[in-house]
Structures are given as C-alpha cells and as structure tokens.
Amino acid sequence: MRLALTPDQLLTTTRAVRKRLDLTRPVEPEVIRECLEIAVQAPTGGNSQGWSFVVVTDAAKRQALGDIYRRGYEEYRRLTAAVAQRILQDPARGAIQQRVISSSDYLAEHLHEIPVFVIPCIRGRLEGKSSREQAGAWGSILPAAWSFMLAARERGLGTVLTTIHLFYEQDAANVLGIPFEKVTQAALIPVAYTQGTEFSPAPRESLDRVVHWNEW
Ligand SMILES: Cc1cc2nc3c(=O)[nH]c(=O)nc-3n(C[C@H](O)[C@H](O)[C@H](O)COP(=O)(O)O)c2cc1C
C-alpha cells in the first residue's frame, strides 16, 4: 500500500502513533526491508555508516522487550511525576499532556502485541564522551531512524520513536545478543499498520518563540 502523500504532507503528518496501531494485522518483512533501504540513504558523520538495525518479530523476544519497557516506564513515570503534575495543571498544556499520558500508558501495556520492533543501533559506547562526539554519534543514527519512520508512514504503517527501554539497555542487549560493550541502542521503534491512514499536523509552540535570526 502506498499513500502517495506529498513530501510536505508526509513530513507534517508522521505522528507518534500508539492507540491507532493495528495489533492484529501482520506486517510483511519485505515492507520493513523497503523502509530500511530508504533509511540507509540518511547521512552519517564522515559517511561512517556505523549503524545496525535489529528487526524483532519473534513473539518471545517482543514479550521480553515489552517487560523491559514496562520496567523502564515505571521508572520514567516516577522520575517525571512532579513535572507531569505541573504540566497537567497548566490550562494551556493540561489537556494535551493528559492525552500523551493516556496514549503512553496504552503503548506500555500493549507493546509486546505490536508485530514488529526496529531497534536502530550505532557502533561504539557514548558514556563519558564529549558533546561533539555524542552529536556525531546520535546524528549518525537518528536521521536514519526518522527516514525509516517516514518511509513507513508512506506505506500505511505507524511508528513511534521510543527510548524508555534504554533504562535497561543491557537487559535488552542480552535478549537480542547485541554486544553491549561495542554497540549503543538509539531507540526502539514499534511498527504496525495504522487504523485509518488520516493523520494531521500536531499543535506546536509558535515558531517565533523558538527561532532566532542572527542572534539568540
Ligand atoms: C528522543 C525521543 C524519545 C521518545 N521516547 C518515547 C518513549 O519512550 N515512549 C513513548 O511512548 N514515546 C516516546 N517518544 C515520542 C514522543 O512522545 C512524541 O514524539 C511526541 O509526543 C510528539 O508526538 P507527535 O509528533 O505525534 O505530536 C519519544 C520521542 C523522541 C523524539
């Protein structure tokens, strides 16, 4: 399936999809391959291409990663409880925050039921690295991850970039046989067909608050 979105439609309607993922419809391995072929057209620092993509379809491994994610999610909710409470009480942001929490709770609960996970990885470990080195590493994997998500959306698939399982990255590495001391996981991207294919641009802060011309 191809949605034939214009480039601007694709870029403005690729949402974090959680509740609208179709948990019952299988995703063909060829479609994942097609999206990954597009992903590896992304740039990397020095054209290093030190990336790997672990595609997980095995039910027992998805269950194990789902359990790791849920442990991480509990930790995340505990660490961010005070900030989340403040945002919930803000009249301008409370309703959106409530929706994000409900959607995130749903994802945590159902993660293992999502048919495919893609875990983009980058060579090396980043602990203790300078911000220049970190920028080089993250900047050599996240553009590819986003390209994958855009290519998926064009094919009727929904995705959401998640990082919560990285609270227990080593445990996830053990589940998947990733050599933790040499390879960093950048995200876990659940992939499924969406229920309906219409998505809209999301509300964002006004550009004037975030753009600086010539000086900060
Ligand atoms: C670096 C990063 C980490 C994220 N981690 C998670 C996560 O662990 N779990 C989750 O449900 N969403 C996660 N998200 C998704 C964001 O919540 C989502 O992109 C944001 O709410 C905007 O969604 P929208 O583009 O549909 O408005 C993450 C997004 C980014 C960019």
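Each reported figure results from applying straightforward, stated rules to the coordinates on display, with no laboratory input. Small disclaimer: the values here were computed from a predicted structure and weren't measured. We place every Cβ from the backbone using ideal geometry, glycine too, and count neighbours over all the protein chains shown.
Out of D171, D105, D58, any idea which swings most in a Gaussian network model of the chain, alpha carbons joined below 10 Å? Its mean-square fluctuation being the largest, the pick is D58.
Positive contributions from Lys and Arg (+1) and negative ones from Asp and Glu (-1), summed over other residues with Cβ under 13 Å from the Cβ of C35, come out at -1.
Simple point charges give the picture: +1 on the Cβ of Lys and Arg, -1 on the Cβ of Asp and Glu, and for region 58-118 a dipole about the Cα centre of about 180 debye. For the chain, a crude dipole built from +1 on the beta carbon of Lys and Arg and -1 on the beta carbon of Asp and Glu, taken about the Cα centre, is about 220 debye to the nearest 20. Excluding same-chain neighbours fewer than eight residues apart, the aspartates and glutamates reachable from K61 by a Cα-Cα span under 17 Å are E109, E113, E169, D171.
Checking the a/c ratio against 1.5 first, then a/b against b/c, what shape does the Cα gyration tensor give for region 18-92? It comes out prolate by the Cα gyration axes. Answer rounded, prolate or oblate for region 84-178, using the Cα gyration tensor with square roots of eigenvalues a ≥ b ≥ c: rounded when a/c is under 1.5, else prolate when a/b is larger than b/c, else oblate. In terms of gyration-tensor shape, prolate.
Determine the shape class of the chain: with a ≥ b ≥ c the square roots of the Cα gyration tensor eigenvalues, call it rounded for a/c under 1.5, and otherwise prolate if a/b is greater than b/c, oblate otherwise. Rounded shape, in that the Cα axes give a/c under 1.5. For the peptides 111-121, 94-104, residues were scored by their other Cβ atoms within 10 Å and the scores averaged per peptide; the highest-first order is 111-121, 94-104. Under 18 Å of direct C-alpha separation, and excluding same-chain neighbours fewer than eight residues apart, K129 reaches these lysines: K182. For the peptides 39-45, 86-92, 149-155, the ranking by mean Cβ contacts within 10 Å, running from highest to lowest, is 149-155, 39-45, 86-92.
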